[in-house]
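We did not get these values from a lab; they are worked out from the coordinates using the rules stated. Owing to the predicted nature of the structure, the values given are computational and were not obtained by experimental measurement. Note: ideal-geometry Cβ built from the backbone for every residue, glycine included; neighbour counts use all protein chains shown.
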Amino acid sequence: MKYYYFHGYGSSPSACKAEAMREILGAENVSAPDFNVSPEEVSNLFDKLIDEISSNNEEICIVGSSLGGLYALYVATKANCKTILLNPALIPMVIVPKITDKVPVSATLIAQKLSSYIYEYYNQENVSVWVTDDPLINHSVLTKPYFYKGVKEYIEFDTNTASGHEFTGFKNVFEKYIKNYK
C-alpha cells in the first residue's frame, strides 16, 4: 500500500507525522505534497493528485491532519481511496479564525466549498477518523455530526495514548495500526 501525508495549515511535508510515517513504512512508500501555496496552486495540485491516485494500480491511503484532513477527504472522495483523518478541520469557517487572521477570506471560502462537496459525496467505507482532546476543534460538535452517513471507524484517543491538536503520540498509534492492518 502507498501512503500520502497531507499536512495542516502552517505545517509542511516534513512534519513529525510525515517523518514518523516514513520511518515506519519506508520513505519510498510515503508521498507528502506541499500545500503552502496559493489557493489556485492547491486546486491544481488536487487535480494532479486525483489523477495520480486514480490511475495507480496500488492501494492508496491518504493520512491528513487538521486542514490537511479536509484536503485528504476531498482527494480521497474524488479518487475513491482510503483516508485516515487526524483531528480534521472539516469546517474551516469555524477553525481558521482560531488559528490566524492572515488567511484570505477567498481561501477560506474555497475550503468551505470543498467541505460542502465532501459532506454530500464521501464514501463512508473509506474513512477513518482519529481524534484527540483537541483544544482547537470540538470534535463532538464539529467532527462527529459532519459524518452523518457514518465512517469505517471513529476513534477518540485518551490523553495517555495521543493528545492535542498536533496529535502527540501519532507515531505509536500509527505503528500499531500498520501492524494490525497487515
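For the listed peptides 110-117, 125-132, a ranking on the average number of other beta carbons within 10 Å per residue, highest first, reads 125-132, 110-117.
Taking the DSSP beta bridges with both ends in segment 2-181, the antiparallel portion is around 5 percent. The lysines whose alpha-carbon is closer than 20 Å to the alpha-carbon of Lys176, local same-chain residues fewer than 8 away aside, are Lys2, Lys17, Lys82, Lys152. The dipole here belongs to the chain: it is taken about the Cα centre, uses +1 on the Cβ of Lys and Arg and -1 on the Cβ of Asp and Glu, and is about 260 debye.
For a quick check, take a GNM of the chain with Cα springs below 10 Å and name the residue from Pro135, Pro88, Pro33 with the largest mean-square fluctuation. Of Pro135, Pro88, Pro33, the most mobile in the Gaussian network model is Pro135. Summarising the label geometry, the points placed 7 Å from Cα in the beta-carbon direction at Asn36 and Glu175 lie 2.7 nm from one another.
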